[in-house]
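> Below you will find the structure I want to go over with you.
The values are calculated or read from the model by the stated rules, or taken from the named source; none is laboratory data. Quantities reported herein were computed from a predicted structural model and do not represent experimental measurements. Here the Cβ positions follow ideal geometry from the backbone for every residue, glycine too, while neighbour counts run over all protein chains shown.
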Amino acid sequence: MFDLFRRLNRWQTAAVALAAVCVVGLSIASYLLAPRDSSASTREVVIPQGTGAAGVARILQREGVIRYWAGFSMYTALTGRAHALQAGRYALCPCWSVPDIADAIASGRAISDDIFVTVPEGVNLWELDAILLKAKLISRAGQFSRTVGTQEGKLFPETYRFATDATVAQIAERMQKEFSERAGSQRFDEVIVASMLEKEAKSAEDMALVAGIIRERMRRGMPLQIDATVAYGWCLRTVGYAVACDVTQAPIATELKVDGPYNTYARTGLPKGPISNPGAQALTAAAHPKDSPYLYYLSTRDGSQLIYSKTLEEHLRNRAKYLGF
């Protein structure tokens, strides 16, 4: 009987000791896995490519994100995340627990270095080239326009996300794919008209009316007489797509005397190709021109309104009234 009590006492003592060890272990684990500083803010931490779990843990400790690297290492080993940790630039907070930090790194929730670029409706290749240069996606003016000059009109205006090392070919391909998906069924002549509408009108209503005027003038064999095509032709004739060119600086009066495929004063019909990259509104208007009694239009000096005329005489009076000549 005495031996039985002695064995029971040993078991009780062992159980108490084990329980004490467990309590101490849990306390230590809770301390190591708990947030290091609940009042701290996020900080940027870079995990280099090829860094192992222990290396990641030491970086986190060095950057003050966790208390002790061993706690992070043990946690990721026990949960099977040690081999899932991913390189990258992370925004991590000492106010997070070790499990939360490990989850962020194992899930690859790194800060993106991608560049977002908004391409407005109606920009031409030179203008688009300048946008990409400002975003540092190309290193010199003309780098994009020279490469994709034949794609004018087929680079859809949209907000894009590009990797910092995206090539000119990749950027162009992405924009061409967007055009194909959004306007792939559009006829080429409609794309040309839409590209002119972007430069001539702002509202959907005005675009549809101008598209109707263009169609009617072509039906009658009248020249379109659109300054924007002449300006585009001047840039293309003088510098091509190799360097930057500002169409607003074109000497229209002088260029009118130069025959060319974009001179819609000297030639009837549409210009040789698009003069900008049209958006959905202009493409819709080009496909659905609106009938009207008008053959002429002009823009007020502040560009806020289009004034329509039925006859040349009325148009000349409107020019004198609104433009002073």
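> What pairs can you find where one residue is in region 312-324 and in the same structural domain as residue 222 (by TED's automatic domain parsing) and free of Cβ contacts under 8 Å to residues at least 12 places away in the same chain, the other is exposed (fewer than 15 other Cβ atoms within 10 Å of the Cβ) and not aliphatic (A, V, I, L, M), and their Cβ atoms are less than 9 Å apart, with a gap of 6+ or different chains?
none
Results for (1) among the polar types (S, T, N, Q); (2) in contact (Cβ under 8 Å) with a residue 12 or more places away in the chain; (3) touching a helix residue (DSSP H, G or I) at 6+ places or on another chain (Cβ under 7 Å); (4) under 27 Å from residue 130 (Cα atoms), shown as yes or no for each residue.
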position: 151; (1), (2), (3), (4): yes, yes, yes, yes
position: 155; (1), (2), (3), (4): no, yes, yes, yes
position: 158; (1), (2), (3), (4): no, yes, yes, yes
position: 161; (1), (2), (3), (4): no, yes, no, yes
position: 179; (1), (2), (3), (4): no, yes, no, yes
position: 216; (1), (2), (3), (4): no, yes, no, no
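> Separate question: Here are some residues: 144, 156. Which one is among the hydrophobic types (A, V, I, L, M, F, W, C) and not in a loop (DSSP other than H, G, I, E, B)?
144
> Also, I was wondering about something else. Pick out the one residue from 198, 181, 216 that is exposed (fewer than 13 other Cβ atoms within 10 Å of the Cβ) and of a type outside the set (Gly, Ala, Ser).
After ruling out the rest, the residue left standing is 181.
> Filter region 43-70 down to the residues that are of a type in the set (A, V, I, L, M, F, W, C) and surrounded by fewer than 16 Cβ atoms within 10 Å (Cβ to Cβ), then identify the one that is nearest to residue 111 (Cα to Cα).
The selected residue is 46.
> Also, I was wondering about something else. Select, from 240, 221, 260, the only residue that is over 33 Å from the mean Cα position of the chain (by Cα) and farther than 27 Å from residue 290 by Cβ.
Being over 33 Å from the mean Cα position of the chain (by Cα) and farther than 27 Å from residue 290 by Cβ holds for just one of 240, 221, 260, which is 260.
> Next up: Scan region 104-161 for residues that are touching a strand residue (DSSP E or B) at 6+ places or on another chain (Cβ under 7 Å), among the aromatic types (Phe, Trp, Tyr) and closer than 17 Å to residue 176 by Cβ and jot them down.
Residue satisfying the conditions is 160 alone.
> Can you find, within region 71-118, the residue that is surrounded by the most Cβ atoms within 10 Å (Cβ to Cβ) among those that are more than 26 Å from residue 163 (Cβ to Cβ) and of a type in the set (S, T, N, Q)?
By that ranking, first place goes to 76.
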